[in-house]
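First up is the structure itself, then whatever we jot down about it.
The values are calculated or read from the model by the stated rules, or taken from the named source; none is laboratory data. Keep in mind the model is a prediction, meaning the values are calculated, not measured. Every residue, glycine among them, receives a Cβ derived from its backbone with ideal geometry; neighbour counts consider all protein chains shown. Note: accessible area is taken over every heavy atom of the protein model, side chains too, but ligands, DNA and RNA are not part of it. Shrake-Rupley method; radii C 1.70, N 1.55, O 1.52, S 1.80 Å.
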Amino acid sequence: MKIGCPKEIKPQEFRVGLTPNAAREAIAHGHQVIVETGAGDGSGFSNDDYLAAGAKIIETAAEVFAQADMIVKVKEPQASERKMLREGQVLFTYLHLAPDPDQTHDLLASGCTAIAYETVTDAKGGLPLLAPMSEVAGRLAPQVGAWTLQKANGGRGVLMGGVPGVGPAKVVVIGGGVVGTHAARIAAGMGADVTVLDRSLPRLRYLDDTFGHVFKNRYSTAGATAELIADADMVVGAVLIPGAAAPKLISRAQLADMKPGAALVDVAIDQGGCFETSRATTHADPIFEVDGIMHYCVANMPGAVARTSTIALGNATLPYMLDIADKGWRKACLEDPHLRNGLNIHAGKLTYEAVSQSLGIDF
Ligand code: NAD
């Protein structure tokens, strides 16, 4: 199979769909890999790295799309890319079709077979191709929160780990899933005093068993949240209710109860945010202040650490990508029900029920 990797063209996107190591593995499996010139630049992979792996460098995206049997990307195809997809071609990337009727109609019209990273599942009911980005965002949250807490950025001027004789920052993480657990581990590693709130008792039991010596946990109620945020230097929002907008867990009125200059890091902003005062920001202008409280609400946090994110995503997608290339998408999906869950569109038909329900398109 000829596997094509175009350069990402969505604004502020520096990741790339295929690392040189992934290209090398695909080539070792007998496939050809073509990569658009400069595709890896934003993640620190040069054309020479891909050439050394055995891939071919192609000058334009149009040629990559025209030649490849499978396109491997990071972000959903943009309008200009969608025009280049064709019948029988496999597209393997993040799609997030449910809120995006334009993209859905274009992909249906193209006749391609589109497998979405975000709906591939695993045996434990997890989302293995979303998890790496949650891990990145979670680990990044205390790092950006610590920066937000610095005085020159409008923050409280509190050091995460304190120093001998001065206590550490108090960090509250709301949501103890993938993002929250990674955020709590890093915040605790920086020396902060960390408490995680979650609504799931099984999850709290797991956190207690595994990390009870590293950070505290509490059952998430409005009362517990109010009590903890009043004393917090940093609050990380990391909740998810699958298929729904994030619940608003801190109201604007509650900001008055918090310490001036405290930092709210709303990782759940890509689902609408879990603080009433959150609004999505960008890496270019990441923070803003409301009622004396600093907010960090970047919707694509992993983009800030594109190299780590590219490699993490590539590690997760590699076995699926190889499976599709080795067996063809049909056999790979028939043999692996979890990969099959990633199939969103085939030959002009929607094949994913939740997308069909949210867009009102026949399934
Ligand atoms: P997850 O499903 O692993 O964890 C979510 C947790 O929230 C679960 O443990 C759940 O029990 C808990 N929860 C639900 N309601 C709660 C409540 N009221 N109080 C406390 N806990 C509650 O999800 P995840 O992968 O950790 O993702 C968390 C959020 O981060 C999602 O909204 C996701 O879209 C977002 N995210 C954002 C970025 C970014 O760049 N901004 C990157 C990755 C993930």
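Values computed for the structure shown
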{"read-out": "Every residue from segment 249-274 that is within 25 Å of residue 130 (Cβ to Cβ), of a type outside the set (A, V, I, L, M) and in a helix (DSSP H, G or I)", "value": "270, 271"}
{"read-out": "Output for segment 275-287, where each listed residue is outside any loop (DSSP other than H, G, I, E, B) and either charged (D, E, K, R) or more than 15 Å from the ligand (Cβ to nearest atom) (or both)", "value": "285"}
{"read-out": "Any hit, segment 286-300, residues being out of contact with any helix residue (DSSP H, G or I) (no Cβ under 8 Å at 6 or more places or on another chain) and assigned by TED's automatic domain parsing to the domain that holds residue 32", "value": "no"}
{"read-out": "Qualifying positions in segment 248-260 - aliphatic (A, V, I, L, M), open to solvent by 40 Å² or more (accessible area, probe 1.4 Å) and more than 15 Å from the ligand (Cβ to nearest atom)", "value": "253, 256"}
{"read-out": "Test: residue in segment 171-190 that is open to solvent by 70 Å² or more (accessible area, probe 1.4 Å), under 23 Å from residue 255 (Cβ atoms) and either away from the ligand (no atom under 15 Å from the Cβ) or of a type outside the set (S, T, N, Q) (or both)", "value": "no"}
{"read-out": "Residues satisfying the stated conditions in segment 202-242, i.e. part of a strand (DSSP E or B) and either within 23 Å of residue 155 (Cα to Cα) or among the basic types (Lys, Arg) (or both)", "value": "216, 218, 234, 235, 236, 237"}
{"read-out": "Counted residues, segment 288-324 - those being under 19 Å from residue 229 (Cα atoms) and either touching a residue at least 12 places away in the same chain (Cβ under 8 Å) or within 10 Å of the ligand (Cβ to nearest atom) (or both)", "value": "9"}
{"read-out": "Subset tally (residues that are within 16 Å of the ligand (Cβ to nearest atom) and buried (at least 20 other Cβ atoms within 10 Å of the Cβ)) for segment 140-170", "value": "6"}
{"read-out": "Residues of segment 191-201 that turn out to be more than 9 Å from the ligand (Cβ to nearest atom) and either among the hydrophobic types (A, V, I, L, M, F, W, C) or assigned to a helix (DSSP H, G or I) (or both), as a count", "value": "3"}
{"read-out": "Single condition residue 355 does not satisfy, out of (1) free of Cβ contacts under 8 Å to residues at least 24 places away in the same chain; (2) farther than 23 Å from residue 68 by Cβ; (3) not assigned by TED's automatic domain parsing to the domain that holds residue 231", "value": "(1)"}
{"read-out": "Residue within segment 108-118 that is touching a Leu at 6+ places or on another chain (Cβ under 6 Å), of a type in the set (A, V, I, L, M) and either over 26 Å from residue 360 (Cα atoms) or within 16 Å of the ligand (Cβ to nearest atom) (or both) present", "value": "yes"}
{"read-out": "Members of segment 1-50 that are in contact with a Ser or Thr (Cβ under 7 Å, 6 or more places away or on another chain) and within 17 Å of residue 302 (Cβ to Cβ)", "value": "12, 14, 15, 16, 17, 19, 40, 43, 45"}
{"read-out": "Flag if residue 313 is in contact with an Asp or Glu (Cβ under 7 Å, 6 or more places away or on another chain), assigned to a helix (DSSP H, G or I) and not assigned by TED's automatic domain parsing to the domain that holds residue 247", "value": "no"}
{"read-out": "Residues (within 19 Å of the chain's Cα centre (by Cα), charged (D, E, K, R) and open to solvent by 20 Å² or more (accessible area, probe 1.4 Å)) located in segment 261-279", "value": "270, 279"}
{"read-out": "Some residue of segment 338-357 being more than 30 Å from residue 229 (Cβ to Cβ) and within 16 Å of the ligand (Cβ to nearest atom)", "value": "yes"}
{"read-out": "Segment 343-363, residues that are open to solvent by less than 60 Å² (accessible area, probe 1.4 Å), more than 18 Å from residue 94 (Cα to Cα) and touching an Asp or Glu at 6+ places or on another chain (Cβ under 8 Å)", "value": "347"}
